[in-house]
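I have placed the structure first, in the form of structure tokens, so that the comments after it can refer back to it.
The values are calculated or read from the model by the stated rules, or taken from the named source; none is laboratory data. What you are looking at is a predicted structure, and each value in this text was computed from that prediction instead of being measured. We place every Cβ from the backbone using ideal geometry, glycine too, and count neighbours over all the protein chains shown.
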Amino acid sequence: MTTRCHILTSALLATLLLTGCHQPSEIKLAPEEDAGNLEARAVIQPDSNVAVSSVDSSGILADEQLRFGAWLTVTHLCYDDGKNVKTASFSRVFIADSTLRSAAGLAGFRGMFIGPILLNGSLMTPVVHRVKGIGDSGVEYLANLNGAFESRYRWRAIPTQVGEIDQSIDTPDTIRLTSPAAGSVIPRSKDLTLRWRGGRGNLSVILSRYHEVRGVFIPLVEFRVRVNNGVAVVPASFLRQLPPSTLPNSYMLTFVLSTRREEIVVANYAGKLIMQAASIYNCFVSLK
């Protein structure tokens, strides 16, 4: 298996867990880099012992995940390395009932079993929720949507622990990337023009770099698109701060087109809930 295919296959695992160091990105953001159609912010990772879902499969950054005790998500996912395109769609429900700690501190959250959950009238499957370094840690719910991404999804549950859940969300467009081409080599000396199709929803683009020792992609910067008009430019002044690639496809651009509701209150549940429908397109590139 080539390095490129190995990276692609590893990234496709929807349950991929990554941990990061609690420090700012190595990228310095100058004021002029917030101009135009992109607003940039450095990504802060949680402490290295906290397990979170990777942004390329969840569409939710680690620091945002730690703000919420429960997630209702539906995701259409694509990975493109220029030679292979892999897609999937799924829904995930996770409701935390307690924190999990190790000798190093906070490690994650235990998932609560709340009885049957219906997604658009079909039962979701309860599966074991696992936390790195601890193991089996309660339950989460999954549904394989077999590539489908309907215009609206509704979750329903009548559990005794947290009260009734009846939440719906409209999905965004399915995003399609037209530039840069997946698998391409991007010069750091020139502005990078991003082009896409998919206008309904809020768009952000996360730039990640492959960590050769840890074997995962580490998010560096999130670009929030101010106006979703299909085009934005990443300035060369930003790209020149990044080291050139030593492996093919060692950078990943994650386009997250989403609709989202936050701070949802559920009766008898102390935590806050986030609900998101997202179309995610992961494009692997190299920098020179």
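Inspect region 87-105 for any residue being free of Cβ contacts under 8 Å to residues at least 24 places away in the same chain, under 28 Å from S250 (Cα atoms) and out of contact with any Asp or Glu (no Cβ under 6 Å at 6 or more places or on another chain) and give the result as yes or no.
No, because not a single residue in region 87-105 is free of Cβ contacts under 8 Å to residues at least 24 places away in the same chain, under 28 Å from S250 (Cα atoms) and out of contact with any Asp or Glu (no Cβ under 6 Å at 6 or more places or on another chain).
Mind checking whether some residue in region 242-254 is closer than 20 Å to T73 by Cα and assigned to a strand (DSSP E or B)?
yes
Go through R214, R200, R154 for me and flag whichever is out of contact with any Gly (no Cβ under 7 Å at 6 or more places or on another chain) and at pLDDT 95 or above.
R154
Considering S208, S258, S250, which residue is farther than 30 Å from W155 by Cβ and in contact (Cβ under 8 Å) with a residue 24 or more places away in the chain?
It is S250.
(1) within 30 Å of A157 (Cβ to Cβ); (2) touching a helix residue (DSSP H, G or I) at 6+ places or on another chain (Cβ under 8 Å); (3) not hydrophobic (A, V, I, L, M, F, W, C): which one isn't true of R200, the others all being true?
(2)
Could you list, in sequence order, all residues of region 74-102 that are more than 21 Å from the chain's Cα centre (by Cα) and assigned to a strand (DSSP E or B)?
Of everything in region 74-102, those that are more than 21 Å from the chain's Cα centre (by Cα) and assigned to a strand (DSSP E or B) turn out to be D97, S98, T99, L100, R101, S102.
Within region 124-163, count every residue that is assigned to a strand (DSSP E or B), in contact (Cβ under 8 Å) with a residue 40 or more places away in the chain and farther than 20 Å from S58 by Cα.
Number satisfying all stated conditions: 1.
Go through region 105-123 residue by residue and tally those that are in a strand (DSSP E or B) and modelled with pLDDT of 95 or more.
Residues that pass the stated criteria total 4.
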